[in-house]
Amino acid sequence: MTASFFRRAAAPRAAALLMLAALPGVRAGQTDAAAPRAAGASSTAASAPQAAVAQRLKQYLFDAAHAGHMPMLKEFVAAGYDLNVRDEKGYTALILAAYHGHDDAVTLLMQAGADPCAQDQRGNTALMGAIFKGEIRIAGQLLNAPCNPDQRNAAGQTAAMYAALFGRAELLQKLKAKGADLQAQDAAGNSAQSLTR
């Protein structure tokens with residue numbers, strides 16, 4: 001989606017949906033199953049609109065993070081929306097913003113409480129994505145988060161292994177200074193030291 005789409009359509013819709021989400025029975029970031037129900041209310045009649053609103057809100061959040069659309073992200077933060085909700089691949093807004101190089105969005109999301117240590121379904125973190133994409137400034141920001149420097153993905157890889165593999169020497173040194181184990185091995189027997197170019 002383009003930035004012009006957000007300016008013309010999505011931002012007003014997201015703001016309206018965020019206002020709807022404040023109504024009883026629809027909580028920011030909750031899915032249909034988690035939303036509280038009024039006594040005696042029909043679960044199917046009440047749940048379909050709530051689920052639709054919740055799903056649209058999540059999609060707007062992910063689209064805004066992917067595009068780095070600051071006005072919409074600020075609306076989500078101001079509304080107290082759960083910034084750690086995940087899409088079908090386990091991506092959070094922070095993971096998407098970091099991967100797509102949106103420095104300001106990463107700053108906003110982290111300051112608003114987004115979890116910098118969250119992992120997607122493959123175990124990758126925002127830091128791993130930023131290193132992979134060569135987003136050095138964002139990776140530096142994420143390195144300041146209180147995450148384990150040896151956090152591993154499903155293949156046993158660490159951020160230091162990514163830094164070594166993709167030739168991000170400065171980040172590798174910062175990870176080492178933070179306590180990353182450069183001898184740790186992944187499932188294939190690779191270590192950050194063996195992957196250093």
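The values are calculated or read from the model by the stated rules, or taken from the named source; none is laboratory data. Just so we're clear, the structure is a prediction, and the values are computed from it rather than from any experiment. Cβ atoms come from the backbone with ideal geometry, glycine included; neighbour counts cover every protein chain shown. For accessibility, only protein heavy atoms count, side chains too; no ligands or nucleic acids. Shrake-Rupley method; radii C 1.70, N 1.55, O 1.52, S 1.80 Å.
Points to keep in mind about this one:
- Estimated Rh, the range 99-197: Kirkwood, alpha-carbon pairs, angstrom: 13.2 Å
- Length added when fully stretched, residue 193-residue 136, from 0.36 nm per residue minus Cα-Cα: 18.5 nm
- Net charge contributed by nearby residues that have their C-beta within less than 11 Å of residue 121 (K/R +1, D/E -1): 0
- The phi torsions of the range 97-113, fed into the Karplus equation with coefficients 6.51, -1.76 and 1.60 and a -60° offset, translate into couplings of 5, 5, 4, 9, x, 9, 4, 5, 5, 4, 4, 4, 5, 5, 5, 8, x Hz, rounded to whole numbers, with Gly and Pro shown as x.
- Each other residue within a Cβ distance under 15 Å of residue 156 adds +1 if Lys or Arg and -1 if Asp or Glu, for a net charge of -1.
- Amide hydrogen neighbours beyond the local backbone of residue 184, cut-off 5 Å, H modeled: 192
- Å² of accessible area per residue within the range 75-197, as computed with a 1.4 Å probe and no ligands counted: 48 Å²
- Distant-in-sequence amide contacts of residue 124, defined by a placed amide H-H separation under 5 Å and a gap of 5 or more residues or a different chain, comprise 154.
- Distance between the range 53-87 and the range 94-149 - C-alpha centres, whole angstrom: 16 Å
- Spin-label model distance (nm) - residue 155 vs residue 111, 7 Å beyond Cα toward Cβ: 3.5 nm
- Global form of the range 59-113, assessed from the alpha-carbon gyration tensor, a/c cut-off 1.5: rounded
- Table column - 3J(HN,Hα) (Hz), the range 55-67, Karplus curve with 6.51, -1.76, 1.60, x for Gly and Pro: 5, 5, 4, 4, 5, 4, 4, 5, 5, 5, 5, 4, 8
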